[in-house]
Amino acid sequence: MRQWNFVSAVALCACACSWLGCGSSIPREQLLANLHQAMQEDVADSAGSASHSRVVEAALDENALDGLRRDEVEERIGRGEPCSRHPRCGEHDFVDNDWFYEVGRPSQGYGSALPLLIVGFDRSGRVDRTWSLHTN
């Protein structure tokens, strides 16, 4: 008789969850904490930029920002810059008082683009759309 160990059980659950279409196992608050942390970290190379892009993608894929009020977004990931300051906002139908974030801080000597996150708010001040520019 075969004995099951923890790794086997986790692998079986992961396969079953994948087959059944289960949702993310990462809670919303953790996704937002990861996003906030990525915004504060230096990006030294394309691998770091790609890693930051995956953090943004994970948060957006799980709709972690959807429905949050403007003050809740600020509390969890910080206050964004007004969209009036970035041309990508207008290109994607965001308005001047929506927010954008560059995800990460370029290290000295890093000259490539950083991941970009744009957060749009409805008339009541709740997130109703997002867009991101992924790098690498």
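The values are calculated or read from the model by the stated rules, or taken from the named source; none is laboratory data. Everything quoted here is computed from the prediction, not taken from an experiment. Quick reminder, even Gly has a Cβ in these numbers, built from the backbone with ideal geometry, and neighbours come from all protein chains shown.
Among the residues of the stretch 120-136, write down those that are part of a loop (DSSP other than H, G, I, E, B) and either among the small types (Gly, Ala, Ser) or in contact with a strand residue (DSSP E or B) (Cβ under 8 Å, 6 or more places away or on another chain) (or both).
Once the filter is applied, which keeps residues that are part of a loop (DSSP other than H, G, I, E, B) and either among the small types (Gly, Ala, Ser) or in contact with a strand residue (DSSP E or B) (Cβ under 8 Å, 6 or more places away or on another chain) (or both), the stretch 120-136 yields ASP122, SER124, GLY125.
Beta carbons closer than 7 Å, at least 6 apart along the sequence or on distinct chains, pair a first residue in the stretch 62-87 that is on the phi > 0 side of the Ramachandran plot with a second that is of a type in the set (Lys, Arg) and surrounded by 15 or more Cβ atoms within 10 Å (Cβ to Cβ) for GLY67/ARG126.
Looking across the stretch 47-82, the residues that are small (Gly, Ala, Ser) and either assigned to a strand (DSSP E or B) or farther than 14 Å from VAL103 by Cβ (or both) come down to ALA47, GLY67. For ARG105, the stated conditions hold: it is basic (Lys, Arg) and touching a residue at least 60 places away in the same chain (Cβ under 8 Å). Within the stretch 109-119, restricting attention to residues that are within 14 Å of the chain's Cα centre (by Cα) and in a loop (DSSP other than H, G, I, E, B), the residue that is nearest to VAL56 (Cα to Cα) is PRO115.
Which condition does ALA50 not pass, out of (1) within 18 Å of LEU32 (Cα to Cα); (2) hydrophobic (A, V, I, L, M, F, W, C); (3) modelled with pLDDT of 95 or more, if it passes all the others? With respect to (1) within 18 Å of LEU32 (Cα to Cα); (2) hydrophobic (A, V, I, L, M, F, W, C); (3) modelled with pLDDT of 95 or more, ALA50 is out only on (3). Within the stretch 84-99, the residues that satisfy the criterion of being within 28 Å of ALA44 (Cβ to Cβ) and not in a loop (DSSP other than H, G, I, E, B) are ARG85, PRO87, ARG88, CYS89, TRP99. Might you let me know whether the stretch 100-108 holds any residue that is outside any helix (DSSP H, G or I), of a type outside the set (Ser, Thr, Tyr) and out of contact with any strand residue (DSSP E or B) (no Cβ under 7 Å at 6 or more places or on another chain)? Among the residues of the stretch 100-108, at least one is outside any helix (DSSP H, G or I), of a type outside the set (Ser, Thr, Tyr) and out of contact with any strand residue (DSSP E or B) (no Cβ under 7 Å at 6 or more places or on another chain), which makes the answer yes.
PRO87 - would you say it is over 20 Å from LEU35 (Cβ atoms) and surrounded by fewer than 19 Cβ atoms within 10 Å (Cβ to Cβ)? So that I can check it myself, show each step before the final result.
Numbers: over 20 Å from LEU35 (Cβ atoms): yes; surrounded by fewer than 19 Cβ atoms within 10 Å (Cβ to Cβ): yes.
It is true that PRO87 is over 20 Å from LEU35 (Cβ atoms) and surrounded by fewer than 19 Cβ atoms within 10 Å (Cβ to Cβ).
So, GLY78, is that one surrounded by fewer than 19 Cβ atoms within 10 Å (Cβ to Cβ) and touching a Lys or Arg at 6+ places or on another chain (Cβ under 8 Å) or not? So GLY78 does not fit the description; no.
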